[in-house]
Amino acid sequence: MAAVSLSVSTVKPLGERVFVKVSASEEQTPGGIFLPDTAKEKPQVGEVVQVGPGKRNDDGSRQEMEVKVGDKVLYSKYAGTDIKLGSEEYILLSEKDILAIVS
């Protein structure tokens, strides 16, 4: 999926979406081999930067989000939309694409 480049200062997710800062991918294998950019896998771990207000229930109330700003999360490999703000890489995910909170 192509990354979207934006030149804005803030991004506020809507609904049940989560804005995650992507963690840096591994530069070196456990055996000591340095990986070129073309051989690196897309990282699946990141830190939650912003969360939306939550999913709207049938009665009009909002369902509280399970993740909060600052949580480190594991997400599906091919989920979300890649976004680049300056030199930083982010991903905009639906809450259902988050698999776990990691520590």
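Looking across region 53-76, the residues that are exposed (fewer than 11 other Cβ atoms within 10 Å of the Cβ) and either within 16 Å of the chain's Cα centre (by Cα) or hydroxyl-bearing (Ser, Thr, Tyr) (or both) come down to SER61, GLY70.
Within region 56-92, the set of residues being in contact with a Lys or Arg (Cβ under 9 Å, 6 or more places away or on another chain) and among the basic types (Lys, Arg) comprises ARG56, ARG62, LYS77. Among the residues of region 71-103, the ones that are over 18 Å from PRO13 (Cα atoms) and in a strand (DSSP E or B) come to 5 in all.
Take GLU47 and decide whether it is of a type in the set (Asp, Glu), open to solvent by 40 Å² or more (accessible area, probe 1.4 Å) and closer than 18 Å to GLY15 by Cα. Show your work before the answer.
Details: of a type in the set (Asp, Glu): yes; open to solvent by 40 Å² or more (accessible area, probe 1.4 Å): yes; closer than 18 Å to GLY15 by Cα: no.
The answer is no for GLU47.
The values are calculated or read from the model by the stated rules, or taken from the named source; none is laboratory data. No experiment lies behind these values; they were computed from the predicted model shown. Please note: Cβ atoms are built from the backbone with ideal geometry, for glycine as well, and neighbour counts cover all protein chains shown. Surface accessibility is based on the protein's heavy atoms, side chains included, excluding ligands, DNA and RNA. Shrake-Rupley method; radii C 1.70, N 1.55, O 1.52, S 1.80 Å.
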